[in-house]
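Structure first, then comments.
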Amino acid sequence: MSVSTKANEKDQKILDAATKFFLIHGFSGTTTDMIQKEAGVSKATMYGCYKNKEAMFAAVIERQCTNMQEQIILVETKAENLRSALTEMGKTYLCFILSHSGLAFFRVCIAEAVRFPELSEKFFEVGPQKLANIIAGYLEKSEKNKEIELNSSADIAANIFLALLRSDAHLKCLTHPNYAISDTEISTWVEYAVDLFMKNINYKPG
């Protein structure tokens with residue numbers, strides 16, 4: 001095993017441990033000692049990877065958001081048409097943000113927004129904003145291929161689509177910790193959101 005591989009494995013162990021405790025105890029309630037012991041690495045190794053707890057949290061944010069983006073991009077490349085792409089993207093997105101870990105992650109980022117604005121801003125930039133950019137790019141490509149005619153910019157349309165998806169479903173799950181949304185509810189919500197959205201982008205099926 002190469003030195004770089006070992007270093008990457010230790011890095012992932014640190015991020016795994018950090019994610020576990022941030023989601024359970026929040027940012028403020030998590031200590032670097034908790035993370036170091038759970039990861040099974042020395043303090044020197046941990047601080048060699050991340051200079052402080054804020055840096056670890058930023059890395060956790062980036063990894064979580066990157067995982068979601070990769071899933072969305074994979075859906076896009078396999079889609080047969082715009083409707084199927086938006087439907088599968090929507091389901092993937094909702095399943096991710098409405099999962100136990102997705103909701104816990106969102107709560108932590110919002111809870112620390114006032115004390116650590118740079119961390120919540122990081123979450124917005126690499127999470128919601130980057131995802132909106134991916135969808136906007138897909139819409140721009142569809143418009144270029146004359147599948148749709150947007151009444152606004154692709155950026156605005158993408159953000160409206162994501163807002164339609166989140167809506168009450170996200171708020172209900174955030175405010176009802178014991179509520180678990182079903183796959184059927186997610187599918188119904190996504191299909192309705194896609195229908196509403198498609199009516200406003202002048203979709204021209206081939």
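The values are calculated or read from the model by the stated rules, or taken from the named source; none is laboratory data. Predicted, not measured: the structure shown is a model, and the values here were computed from it. Heads up, the Cβs are rebuilt from the backbone with ideal geometry, glycines too, and the neighbour counts pull from every protein chain shown. For accessibility, only protein heavy atoms count, side chains too; no ligands or nucleic acids. Shrake-Rupley method; radii C 1.70, N 1.55, O 1.52, S 1.80 Å.
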Check on LEU162, part of a helix (DSSP H, G or I), in contact (Cβ under 8 Å) with a residue 40 or more places away in the chain and surrounded by 18 or more Cβ atoms within 10 Å (Cβ to Cβ): yes
Cβ pairs under 7 Å, 6+ apart, first in segment 62-78 and within 19 Å of LYS141 (Cβ to Cβ), second open to solvent by 60 Å² or more (accessible area, probe 1.4 Å): GLN69/LYS130; VAL75/GLU88
Helices (runs of 4 or more DSSP H) fully within segment 92-147 counting 3 or more residues that are open to solvent by less than 60 Å² (accessible area, probe 1.4 Å) and farther than 20 Å from PHE21 by Cα: 130-144
Members of segment 165-206 found to be closer than 23 Å to VAL108 by Cβ, among the hydroxyl-bearing types (Ser, Thr, Tyr) and part of a helix (DSSP H, G or I), listed by number: SER167, THR175
Some residue of segment 88-108 being touching an Asp or Glu at 6+ places or on another chain (Cβ under 8 Å) and more than 25 Å from LYS172 (Cα to Cα): no
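Would you mind finding the one in ALA180, ALA111 that is more than 20 Å from ILE73 (Cβ to Cβ), touching a Gly at 6+ places or on another chain (Cβ under 8 Å) and modelled with pLDDT under 95?
On the way: ALA180 fails: touching a Gly at 6+ places or on another chain (Cβ under 8 Å).
Among ALA180, ALA111, only ALA111 is more than 20 Å from ILE73 (Cβ to Cβ), touching a Gly at 6+ places or on another chain (Cβ under 8 Å) and modelled with pLDDT under 95.
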GLN64 vs. criteria of a type in the set (S, T, N, Q), within 14 Å of the chain's Cα centre (by Cα) and closer than 30 Å to ASN200 by Cα: no
